[in-house]
Amino acid sequence: MKASADCLRLIREFEGFRAKPYRCPAGVPTIGLGSTRYEDGRPVTLKDAPIDEARAAAIVMATLAKEYEPAVARYVQVPLNQRQFDALVDFAYNAGAQNLRTSTLLRKLNAGDYAGAAAEFGKWVMGGGKALPGLVRRREAERKLFLS
(Lines give C-alpha, C1' and ligand atoms only; values in the text may rest on other atoms or scores of the structure.)
Protein backbone atom coordinates (compact mmCIF):
# COMPACT_ATOMS: atom_id res chain seq x y z
CA MET A 1 0.00 0.00 0.00
CA LYS A 2 1.15 3.54 -0.75
CA ALA A 3 0.26 6.79 1.01
CA SER A 4 -2.60 8.55 -0.75
CA ALA A 5 -3.47 12.20 -1.20
CA ASP A 6 -5.16 12.12 2.24
CA CYS A 7 -1.83 11.39 3.92
CA LEU A 8 -0.03 14.06 1.93
CA ARG A 9 -2.80 16.55 2.78
CA LEU A 10 -2.25 15.92 6.49
CA ILE A 11 1.50 16.37 6.13
CA ARG A 12 1.11 19.63 4.20
CA GLU A 13 -1.56 20.94 6.56
CA PHE A 14 0.23 20.24 9.81
CA GLU A 15 3.87 20.62 8.81
CA GLY A 16 3.43 23.69 6.64
CA PHE A 17 6.18 24.65 4.20
CA ARG A 18 9.41 26.33 5.19
CA ALA A 19 12.04 26.92 2.54
CA LYS A 20 14.86 27.51 5.01
CA PRO A 21 16.07 25.03 7.65
CA TYR A 22 14.70 25.53 11.16
CA ARG A 23 14.56 23.72 14.48
CA CYS A 24 11.30 21.86 15.10
CA PRO A 25 9.76 21.94 18.61
CA ALA A 26 11.87 18.89 19.50
CA GLY A 27 15.02 20.82 18.50
CA VAL A 28 15.79 18.80 15.36
CA PRO A 29 16.96 20.63 12.19
CA THR A 30 14.06 20.43 9.71
CA ILE A 31 13.23 21.78 6.25
CA GLY A 32 10.40 21.88 3.73
CA LEU A 33 7.38 19.88 4.88
CA GLY A 34 8.79 18.71 8.19
CA SER A 35 11.68 16.70 6.74
CA THR A 36 14.64 15.97 8.98
CA ARG A 37 16.55 14.12 6.24
CA TYR A 38 16.97 14.46 2.49
CA GLU A 39 16.15 11.82 -0.14
CA ASP A 40 19.62 10.30 0.23
CA GLY A 41 19.27 9.98 4.02
CA ARG A 42 21.56 12.90 4.80
CA PRO A 43 20.35 14.84 7.88
CA VAL A 44 19.16 18.41 7.49
CA THR A 45 21.48 21.03 9.00
CA LEU A 46 20.72 24.62 9.84
CA LYS A 47 23.36 25.71 7.28
CA ASP A 48 21.63 24.04 4.31
CA ALA A 49 20.42 26.10 1.36
CA PRO A 50 16.70 26.87 1.06
CA ILE A 51 14.53 24.58 -1.06
CA ASP A 52 11.32 25.14 -3.03
CA GLU A 53 7.96 23.43 -2.52
CA ALA A 54 8.52 20.96 -5.36
CA ARG A 55 11.76 19.75 -3.75
CA ALA A 56 10.03 19.57 -0.36
CA ALA A 57 7.30 17.35 -1.83
CA ALA A 58 9.92 15.13 -3.51
CA ILE A 59 11.75 14.71 -0.21
CA VAL A 60 8.53 13.73 1.56
CA MET A 61 7.54 11.23 -1.14
CA ALA A 62 10.99 9.62 -1.05
CA THR A 63 10.99 9.48 2.75
CA LEU A 64 7.51 7.98 2.92
CA ALA A 65 8.39 5.32 0.34
CA LYS A 66 11.75 4.49 1.90
CA GLU A 67 10.89 4.57 5.58
CA TYR A 68 7.35 5.17 6.75
CA GLU A 69 5.17 3.15 4.36
CA PRO A 70 7.38 0.05 4.83
CA ALA A 71 7.39 0.55 8.61
CA VAL A 72 3.59 0.60 8.78
CA ALA A 73 3.40 -2.43 6.49
CA ARG A 74 5.97 -4.28 8.62
CA TYR A 75 4.56 -3.46 12.06
CA VAL A 76 0.82 -3.76 11.42
CA GLN A 77 -0.39 -7.37 11.40
CA VAL A 78 -4.10 -6.79 10.78
CA PRO A 79 -5.92 -5.64 7.63
CA LEU A 80 -5.99 -1.88 7.01
CA ASN A 81 -8.03 0.19 4.64
CA GLN A 82 -6.37 3.06 2.76
CA ARG A 83 -7.43 5.71 5.26
CA GLN A 84 -6.18 3.72 8.25
CA PHE A 85 -2.87 3.23 6.45
CA ASP A 86 -2.65 6.96 5.66
CA ALA A 87 -3.34 7.94 9.27
CA LEU A 88 -0.64 5.58 10.52
CA VAL A 89 1.91 6.75 7.94
CA ASP A 90 1.27 10.37 8.94
CA PHE A 91 1.60 9.42 12.60
CA ALA A 92 4.89 7.61 11.95
CA TYR A 93 6.18 10.52 9.83
CA ASN A 94 5.51 12.95 12.66
CA ALA A 95 6.14 10.88 15.80
CA GLY A 96 8.67 8.42 14.36
CA ALA A 97 8.45 4.85 13.14
CA GLN A 98 10.13 3.58 16.32
CA ASN A 99 7.45 5.26 18.44
CA LEU A 100 4.76 3.60 16.34
CA ARG A 101 6.51 0.23 16.74
CA THR A 102 6.56 0.42 20.54
CA SER A 103 3.18 2.15 21.01
CA THR A 104 0.06 0.97 22.75
CA LEU A 105 -1.72 2.18 19.62
CA LEU A 106 0.03 -0.54 17.60
CA ARG A 107 -0.47 -3.18 20.29
CA LYS A 108 -4.21 -2.51 20.37
CA LEU A 109 -4.43 -2.41 16.59
CA ASN A 110 -2.59 -5.71 16.19
CA ALA A 111 -4.96 -7.23 18.76
CA GLY A 112 -7.83 -6.26 16.48
CA ASP A 113 -9.02 -3.40 18.69
CA TYR A 114 -9.41 -0.74 16.01
CA ALA A 115 -11.48 1.58 18.22
CA GLY A 116 -8.99 1.28 21.07
CA ALA A 117 -6.12 1.99 18.67
CA ALA A 118 -7.92 5.08 17.37
CA ALA A 119 -8.29 6.37 20.92
CA GLU A 120 -4.52 6.16 21.38
CA PHE A 121 -3.76 8.88 18.81
CA GLY A 122 -4.77 11.54 21.31
CA LYS A 123 -2.09 10.44 23.77
CA TRP A 124 0.70 11.58 21.41
CA VAL A 125 0.38 15.35 21.81
CA MET A 126 3.38 16.24 23.97
CA GLY A 127 6.40 18.24 22.87
CA GLY A 128 8.96 19.72 25.20
CA GLY A 129 7.01 18.40 28.19
CA LYS A 130 3.70 20.05 27.33
CA ALA A 131 0.69 19.41 25.13
CA LEU A 132 1.12 21.29 21.85
CA PRO A 133 -2.08 22.62 20.23
CA GLY A 134 -0.83 21.67 16.75
CA LEU A 135 -0.23 18.09 17.85
CA VAL A 136 -3.66 17.95 19.49
CA ARG A 137 -5.24 18.99 16.17
CA ARG A 138 -3.05 16.65 14.14
CA ARG A 139 -3.79 13.60 16.28
CA GLU A 140 -7.51 14.33 16.08
CA ALA A 141 -7.27 14.59 12.29
CA GLU A 142 -5.38 11.27 12.18
CA ARG A 143 -7.95 9.65 14.46
CA LYS A 144 -10.83 10.86 12.28
CA LEU A 145 -9.11 9.67 9.12
CA PHE A 146 -8.37 6.30 10.74
CA LEU A 147 -12.02 5.87 11.71
CA SER A 148 -13.47 7.04 8.37
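The values are calculated or read from the model by the stated rules, or taken from the named source; none is laboratory data. Here the structure is a predicted model, which means the values were calculated and not measured. All Cβ positions, even for glycine, are placed from backbone atoms using ideal geometry, and neighbour counts span all protein chains on display. Quick note on the areas: whole protein, heavy atoms, side chains included, nothing else; ligands and nucleic acids left out. Shrake-Rupley method; radii C 1.70, N 1.55, O 1.52, S 1.80 Å.
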Restricting to the range 62-81, name every residue that is out of contact with any Lys or Arg (no Cβ under 9 Å at 6 or more places or on another chain) and surrounded by fewer than 17 Cβ atoms within 10 Å (Cβ to Cβ). 62, 66, 70, 73, 77, 78, 79, 81
Taking into account only those residues within the range 115-148 that are free of Cβ contacts under 8 Å to residues at least 24 places away in the same chain, open to solvent by 50 Å² or more (accessible area, probe 1.4 Å) and of a type outside the set (A, V, I, L, M), which is nearest to residue 75 (Cα to Cα)? 123
For the range 41-125, list the helices (runs of 4 or more DSSP H) that sit wholly inside it and hold at least 1 residues that are over 21 Å from residue 10 (Cα atoms); which are they? 69-75, 104-110, 114-120
Give me a count of the residues in the range 5-17 that are within 16 Å of residue 63 (Cβ to Cβ) and either open to solvent by 30 Å² or more (accessible area, probe 1.4 Å) or not in a helix (DSSP H, G or I) (or both). 5
Residues of the range 126-142 being in contact with a strand residue (DSSP E or B) (Cβ under 8 Å, 6 or more places away or on another chain) and either farther than 23 Å from residue 85 by Cβ or not in a helix (DSSP H, G or I) (or both), which ones? 132
The range 41-61, residues that are open to solvent by 60 Å² or more (accessible area, probe 1.4 Å) and under 15 Å from the mean Cα position of the chain (by Cα): 61
